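Step one of this worksheet: look at the structure below.
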Amino acid sequence: MRCYRRRRLAAPLPLHISSESLHISQSKQSVAIMATEREQTTSHGEPAHVIEGHEDNATDIEKRTGVGTHSLAGLEHIKSTTKSTRSDQLSTHAVEPIDGLGVLDDAEATRVYDIESDNSPYPEVRAVVSPTDDESLPVNTLRAWALGVILTMLGSGANQFFSLRYPSVTISSLVAQLISFPAGVLLAKALPVKTVDLGPLGRWCINPDHDFNAKEHALITIMANISFTSAWATDVIQAQVAFYGQKAPAGYQVLMVLTCQMFGLGIAGLASDVLVKPAAMIWPSTLANAALFQTLHSRENDLADGWKVSRLRYFVIVFAAAFVWYWFPGYIFTALSYFTWICWAAPNNVVVNQLFGQVQGLGFFPLTFDWAQVAYNTSPILFPLNAQVNIICGWFFFYAVMPPILYYTNTFYSSYLPISSSNLFDNTGNTYNASRVVVDGTFDPELYSKYSPVFMPTTFASYYGIGFAVLTAGPVYVYLYHGDAIWRAVRGKDKLDVHARLMEKYAAVPKWWYALLTVVVYGLTIACMEHYHVGFPVWGITVALVLVVVFILPVGVVYAITNQNTNYLVVLGQIISGYLIPGKPIVSLAFKFYAFTGVSQAIAFSQDMKLAYYMKVPRRTIFVAQFVACFLGAITQVGVLIWMIGHIDRLCQEDQPDHFTCPQGRANFSASVLWGAVGPMRLFSPGQIYSGYLHMFWIGALCPFITWLMLKRWPNNFFLRNLNWVVFFGGTNNYPPATGINYTSWFAVGALFNWYIKRRKGAWWTKYAYVTSAALDVGLALSGIIIFFTLSYTGVKIDWWGNSVYKNTADGRLTPFKSIPDKGYFGPDTW
């Protein structure tokens, strides 16, 4: 790789120009635009169904035609039935984009763009992604790869280390994105622009120039995104070593973690034509990263609804405020986070505490002063309003209405338990002790009959029922509503937006690369399980892979449109393994995580591929970056885990002096006993206590089908067009341990930004909304890390009323509605 100086364009294309110059330079075209708009008032065809998740962004043309510009089919329909509202359509001549970032006045912020425009059809994307590309920017630079590798190993290792501790701390990739900027600028300035001769390896460039650019920054961030999350497979290893007393050789750990993490990369690449290329696959969560890139690398600063402050200055102000403020709800005055003043006023009223409490209650009171509570389900600013409405409606029905009815009627003996918890309980109201029914890793039915059946709190049982509905609703919904669009994308017949067109200049990753990777990972998984005698049969591994293939599109399409993760393969994996491979808890864990992680990793890889599209990073470079980051992250995490097992005394014990109690490993040990040992047949089979929830399978499949048929009859019905059953069912997948406050406050903030501000102050929303989200997240993350290392980890505490008031209530004491009967237990006498 030779050093070169980036050529300077004689007349660089501006990201945006002033409103005055716009009116002057396009005065002739404005008449044509107005005439076109008048035609659109009367020219419309048969309405098509709109992809749920973007209805809240309906523009005037959508309302006039009845077609959503956020639909793959809708964009086609608009193009065929209306004239363009844009003067910068594709032509044989280069045309300057009117408004690269969409930061002008309100009228410009809400203009309509179709799929062939030189800008994205979606205002969310236009707000933070430039529709231009500078091919001369270097990406494969020594500074980018060095920072990417270093941050990958540091971040993945640190997160793995602290994942075994409670309370824990997580270093998010936004932190890596922030700190890599000054580091990249420093390296670019410090390193000499020089080429060195490495003999057989050729001549290599030390530093191409002195400008650290956004593409390099994106490459580093993408490596952090894919590697920072602690590998789920390490939970299996923790359960084996610490709780089952089994040996886990280093080779086994490396192979299991590596194959589990890599399971999704090949699948993501094979599905990229559907999940990445289409414009409708927005992937809203990537827009926070894009906003931060624009904030750090762009110096454009147009007036937005009277606000002149630059994005960078605005980011610094909000970031600093968030950093300072989190010290109060995060450490000094934690009652600001659990702001359940109604419970403080009636600390011994069990019903009041169960309805309004946030520790183990339903959290009905929608007020908190902690961004960590508001953004527990991801920042609400990143969710389209349509998705937020579906989620809050699902929460209201499944967690505000149904649980109190079931709980206070003592259905499933639930009144003897906390109303909301992710723990399992025995018939004395204590947490279920899985070790009492397992001997040498094998379930003992006699011990089980002498101990207790398993009982779930109302919200936890509802979680499984909702999961059953999502598992059937997802495939039915996607293939009914988006089947045609998926088929067009697979055949390459879909029209590309400006970002996909710009990416066509870069060499594509051959599909056989991804196919070969999938086959190799599949083979290594079989070799690992067979060589180390885990007991995971080949057909079981094959079923897990088939589940990934079946669910990647239903989960991926919904996630890409609505920002809602509906990956419930944890539930399905546990049920399938429990029925097909009973009595093998380790196999149950392995099956669950190969299926679940396969989809979750494929989603993560797809998400970063879309971010690469937005930032115009070459596709083959991203393939190598994702592979390297995933490989290094997996190896680093295994190395950290092996070191901890060998050097930390009493690791995973509840009385471990430094609090390395392995909370995730412990939870998965209990899950392996429940599903792999006790088995789902003792909980959900016909005649068992929770068998009624099996009806959710057919209900989930039927609901989207009925709505689809009704839309055939009433295609313009607002309610039917905006109802998304998958999001309605699956939007509450963090409940429990989440409570109502994590949904009500989340919805309030989301509606404020994506409804009130977006409609009234469109230019302000365009310029600052995603920057606000990124600043709040980064401020919270850095503040939390500093609090943890300087105070929590060292045992420094502040004991006062503001840090204990919410704990000294019936909610904080986990008081159930009913007391245990005099006989000492509740429930059936035999089981």
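Here are the criteria: (1) surrounded by fewer than 20 Cβ atoms within 10 Å (Cβ to Cβ); (2) under 30 Å from residue 396 (Cβ atoms); (3) under 23 Å from the mean Cα position of the chain (by Cα). Tell me which single one residue 785 does not satisfy. In the conditions (1) surrounded by fewer than 20 Cβ atoms within 10 Å (Cβ to Cβ); (2) under 30 Å from residue 396 (Cβ atoms); (3) under 23 Å from the mean Cα position of the chain (by Cα), residue 785 misses (2) alone. Could you tell me whether residue 485 is farther than 30 Å from residue 691 by Cα, surrounded by 18 or more Cβ atoms within 10 Å (Cβ to Cβ), in contact with an Asp or Glu (Cβ under 6 Å, 6 or more places away or on another chain) and aliphatic (A, V, I, L, M)? The answer is no for residue 485.
None of 445, 457, 475 is at pLDDT 90 or above and closer than 20 Å to residue 425 by Cα except 457. Would you check if there is a residue in the stretch 587-594 being outside any helix (DSSP H, G or I) and at pLDDT below 95? Among the residues of the stretch 587-594, not one is outside any helix (DSSP H, G or I) and at pLDDT below 95, which makes the answer no.
Conditions (1) of a type in the set (Gly, Ala, Ser); (2) in contact with a Pro (Cβ under 6 Å, 6 or more places away or on another chain); (3) surrounded by 22 or more Cβ atoms within 10 Å (Cβ to Cβ); (4) at pLDDT below 90, marked per residue:
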position	(1), (2), (3), (4)
542	no, no, no, no
551	no, no, yes, no
582	no, no, no, yes
623	no, no, no, no
631	no, no, no, no
634	yes, no, yes, no
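Among the residues of the stretch 115-139, those that are assigned to a loop (DSSP other than H, G, I, E, B) and within 28 Å of the chain's Cα centre (by Cα) comprise 115, 119, 120, 121, 122, 129, 130, 131, 132, 133, 139. For the stretch 699-752, a tally of residues being part of a loop (DSSP other than H, G, I, E, B) and either of a type outside the set (A, V, I, L, M, F, W, C) or buried (at least 16 other Cβ atoms within 10 Å of the Cβ) (or both) returns 15. Scan the stretch 416-448 for residues that are touching a Gly at 6+ places or on another chain (Cβ under 8 Å), of a type in the set (A, V, I, L, M, F, W, C) and not in a strand (DSSP E or B) and the total you get is 2. Cβ-Cβ contacts under 9 Å between residues 6 or more apart (or on different chains), taken from a first residue in the stretch 187-212 that is in contact (Cβ under 8 Å) with a residue 60 or more places away in the chain and over 16 Å from residue 147 (Cβ atoms) to a second residue that is of a type in the set (Phe, Trp, Tyr) and surrounded by 14 or more Cβ atoms within 10 Å (Cβ to Cβ), are listed as 195/204.
Taking the listed residues 677, 612, the one that is in contact with a strand residue (DSSP E or B) (Cβ under 7 Å, 6 or more places away or on another chain) and either more than 21 Å from residue 458 (Cα to Cα) or not in a helix (DSSP H, G or I) (or both) is 677, with no other qualifying. Please indicate, with yes or no, whether at least one residue in the stretch 385-401 is modelled with pLDDT of 90 or more and more than 25 Å from the chain's Cα centre (by Cα). Looking through the stretch 385-401, at least one residue is modelled with pLDDT of 90 or more and more than 25 Å from the chain's Cα centre (by Cα). Answer yes or no: is there a residue in the stretch 154-171 that is under 17 Å from residue 636 (Cβ atoms), at pLDDT below 95, of a type in the set (S, T, N, Q) and part of a loop (DSSP other than H, G, I, E, B). Yes: one or more hits. Among the residues of the stretch 140-151, the one identified as touching a Cys at 6+ places or on another chain (Cβ under 9 Å) and in a helix (DSSP H, G or I) is 142. Within the span defined as the stretch 596-605, one or more residues are part of a helix (DSSP H, G or I), within 20 Å of residue 676 (Cα to Cα) and either over 18 Å from the mean Cα position of the chain (by Cα) or hydrophobic (A, V, I, L, M, F, W, C) (or both). Selection of the stretch 360-399 for residues being touching a Phe, Trp or Tyr at 6+ places or on another chain (Cβ under 7 Å) and over 30 Å from residue 286 (Cβ atoms) yields 362, 364, 365, 367. Note on the stretch 645-665: among residues that are in contact with a helix residue (DSSP H, G or I) (Cβ under 7 Å, 6 or more places away or on another chain) and assigned to a helix (DSSP H, G or I), the one that is modelled with the highest pLDDT is 645. When 791, 776 are checked against the criterion of being buried (at least 18 other Cβ atoms within 10 Å of the Cβ) and outside any loop (DSSP other than H, G, I, E, B), 776 stands alone in meeting it.
One line per residue, one yes/no per condition, for (1) under 28 Å from residue 378 (Cα atoms); (2) in contact with a strand residue (DSSP E or B) (Cβ under 9 Å, 6 or more places away or on another chain); (3) β-branched (Val, Ile, Thr):
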residue	(1), (2), (3)
740	yes, no, no
749	yes, no, yes
756	yes, no, no
789	yes, no, no
801	no, no, no
830	no, no, yes
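Filter the stretch 291-303 down to the residues that are among the aliphatic types (A, V, I, L, M) and surrounded by fewer than 24 Cβ atoms within 10 Å (Cβ to Cβ), then identify the one that is modelled with the lowest pLDDT. Ranking the qualifying residues of the stretch 291-303, first place goes to 303. Would you pick out the residues in the stretch 671-720 that are under 30 Å from residue 244 (Cβ atoms), without any contact (Cβ under 8 Å) to a residue 12 or more places away in the chain and touching a helix residue (DSSP H, G or I) at 6+ places or on another chain (Cβ under 7 Å)? Of everything in the stretch 671-720, those that are under 30 Å from residue 244 (Cβ atoms), without any contact (Cβ under 8 Å) to a residue 12 or more places away in the chain and touching a helix residue (DSSP H, G or I) at 6+ places or on another chain (Cβ under 7 Å) turn out to be 685, 688.
Being in a helix (DSSP H, G or I) and under 30 Å from residue 508 (Cβ atoms) is a property that does not hold for residue 640. Could you say whether any residue in the stretch 800-811 is modelled with pLDDT of 90 or more, farther than 22 Å from residue 420 by Cα and assigned to a loop (DSSP other than H, G, I, E, B)? Within the stretch 800-811, one or more residues are modelled with pLDDT of 90 or more, farther than 22 Å from residue 420 by Cα and assigned to a loop (DSSP other than H, G, I, E, B). Which of the following residues is in contact (Cβ under 8 Å) with a residue 24 or more places away in the chain, buried (at least 23 other Cβ atoms within 10 Å of the Cβ) and farther than 30 Å from residue 678 by Cβ: 755, 765? Only one candidate passes the filter, namely 765. The condition of being of a type in the set (Gly, Ala, Ser) and surrounded by 24 or more Cβ atoms within 10 Å (Cβ to Cβ) holds for only one of 375, 400, 387, 434, that being 387. Contact list please: Cβ distance under 8 Å, first residue in the stretch 740-752 and under 17 Å from residue 777 (Cα atoms), second residue of a type in the set (Phe, Trp, Tyr) and surrounded by fewer than 23 Cβ atoms within 10 Å (Cβ to Cβ), pairs at least six apart or on different chains. Taking only residues 6 or more apart or on different chains, the pairs are 742/376; 746/376.
Across the stretch 653-692, the number of residues qualifying as at positive phi and either acidic (Asp, Glu) or in contact with a Phe, Trp or Tyr (Cβ under 7 Å, 6 or more places away or on another chain) (or both) comes to 1.
The values are calculated or read from the model by the stated rules, or taken from the named source; none is laboratory data. Given the structure is predicted, the values throughout are model-derived calculations rather than measurements. Positions of Cβ are backbone-derived with ideal geometry, glycine not excepted, and every protein chain shown enters the neighbour counts.
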